[in-house]
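The values are calculated or read from the model by the stated rules, or taken from the named source; none is laboratory data. For clarity, every value in this text was computed on a predicted model and none was experimentally measured. Cβ placement follows ideal geometry from the backbone for every residue including glycine, while neighbour counts extend to all protein chains displayed. Keep in mind that these areas ignore ligands, DNA and RNA; they rest on the heavy atoms of the full protein, side chains included. Shrake-Rupley method; radii C 1.70, N 1.55, O 1.52, S 1.80 Å.
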Amino acid sequence: MDLTPQQLIQFNGSDPSKPIYVAINGRIYDVTAGKSFYGPGGAYAMFAGKDASRALAKMSKNEEDVCPNLDGLSEKEMDVLNDWVKKFEAKYPVVGRVIQATKDWLQPLVLSFMAPLPRAAKPTSPINEEEEKNAVVVVHPRLGGEPLDGDK
């Protein structure tokens, strides 16, 4: 299963009907079996519903460290993170991965490619002979090369 960080937060233990997830290096682990640690009031509750890679590497419970960013970590901290990964893999099932959401500005562009093509507008004024001679006709493959209504 793929979850964005915004979707992952829904699995932070606040809803008892949902499992509790913690991500490390983008891999999501179901830590529900350890809800006394990761559930509300638990010693590691701040990691629930988030990618806690940096915090685990730094052995930190600071909110600003509970993130996936590994920039600037020392070799020792990366070793600590790898130890955490081994512990999680041995104890908890991997249920998915964290993916990045589509950028807000990109969404309309993606949707525009999925939308049907608009019909060509009829010219508002007659085309003279010179314009017609220099005109370029482009046929989109989805139109199949057929003339539009009114052009027949």
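Summary of values
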read-out	value
Which numbered condition residue 6 fails, given (1) loosely packed, with under 12 Cβ neighbours inside 10 Å; (2) without any contact (Cβ under 8 Å) to a residue 24 or more places away in the chain; (3) in a helix (DSSP H, G or I)	(2)
Boolean, residue 55 is within 30 Å of residue 29 (Cα to Cα), open to solvent by less than 70 Å² (accessible area, probe 1.4 Å) and modelled with pLDDT under 90	no
So residue 88, is it of a type in the set (Phe, Trp, Tyr) and modelled with pLDDT of 95 or more	yes
Residue list for region 43-61, filter: touching a residue at least 24 places away in the same chain (Cβ under 8 Å) and in a loop (DSSP other than H, G, I, E, B)	48, 49, 50, 52
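Yes/no per residue for (1) exposed (fewer than 13 other Cβ atoms within 10 Å of the Cβ); (2) in contact with a helix residue (DSSP H, G or I) (Cβ under 7 Å, 6 or more places away or on another chain); (3) assigned to a strand (DSSP E or B); (4) among the β-branched types (Val, Ile, Thr):
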site: 10; (1), (2), (3), (4): yes, no, no, no
site: 15; (1), (2), (3), (4): yes, no, no, no
site: 36; (1), (2), (3), (4): yes, no, no, no
site: 64; (1), (2), (3), (4): yes, no, no, no
site: 70; (1), (2), (3), (4): no, yes, no, no
site: 73; (1), (2), (3), (4): no, yes, no, no
site: 79; (1), (2), (3), (4): yes, no, no, no
site: 89; (1), (2), (3), (4): no, no, no, no
site: 97; (1), (2), (3), (4): no, no, yes, no
